[in-house]
Amino acid sequence: QVQLVESGGGLVQPGESLRLSCAASGSIFSVNAMGWYRQAPGKVREFVARITRIGVTRYADSVKGRFTISRDNTKNTVYLQMNSLKPEDTAVYYCAAGIGTMPDDYWGQGTQVTVSS
C-alpha cells in the first residue's frame, strides 16, 4: 500500500500562485506515476497533471503553460506549481500515484484550492 498526504492548498486571488506538495510513504518501490486530479463542486473528478519516475510529464489542456509538475524521488514527493490561477481552478485537488503510466491506484485525502477575489 501507498499513503499520500497533500499540503499547500488555500485561498488566493485570481492571477496569484500556489504550490501543492504530496508526500508518499509505504510501498514506494511499486510506484511509477505520481500526479494530481481535481474535483470542483458538482463536477466529476478530472485529470490535471502527472509525472513518471523518469520525469515524463503530461498535462490537461486547461492547465498547460500555467501549472508545472515536478518530483523529488529522494523525498518521495511530488509538487504542483500553479501560476496565473483562475476562479475555474477552484476545486479539491487530489494527489494520486500509480504502478503504470497514470496515477490511479492510490489516492490522497485532497486539499482545497479556492481562487476568488
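This table checks each residue for (1) over 18 Å from Val113 (Cα atoms); (2) in contact (Cβ under 8 Å) with a residue 24 or more places away in the chain.
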position	(1), (2)
Leu20	no, yes
Ile51	yes, yes
Asp61	yes, no
Arg66	no, no
Thr77	yes, yes
Ala96	no, yes
Met102	yes, yes
Only one of (1) in contact with a strand residue (DSSP E or B) (Cβ under 8 Å, 6 or more places away or on another chain); (2) under 24 Å from Gln13 (Cα atoms); (3) touching a residue at least 24 places away in the same chain (Cβ under 8 Å) does not apply to Ser84, and that is (1)
Provide a single number: the residues in region 41-92 that are within 21 Å of Phe29 (Cα to Cα) and either open to solvent by 90 Å² or more (accessible area, probe 1.4 Å) or assigned to a loop (DSSP other than H, G, I, E, B) (or both).
9
One residue is enough: does region 98-111 have a residue meeting the conditions among the β-branched types (Val, Ile, Thr) and open to solvent by 60 Å² or more (accessible area, probe 1.4 Å)?
yes
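The values are calculated or read from the model by the stated rules, or taken from the named source; none is laboratory data. Nothing here was measured: the structure is a model prediction, and the numbers come from that model. Neighbour counts are summed over all protein chains in view; Cβ atoms, including those assigned to glycine, are modelled from backbone coordinates with ideal geometry. Heads up: the accessible areas ignore ligands, DNA and RNA and are worked out on the full protein's heavy atoms, side chains in. Shrake-Rupley method; radii C 1.70, N 1.55, O 1.52, S 1.80 Å.
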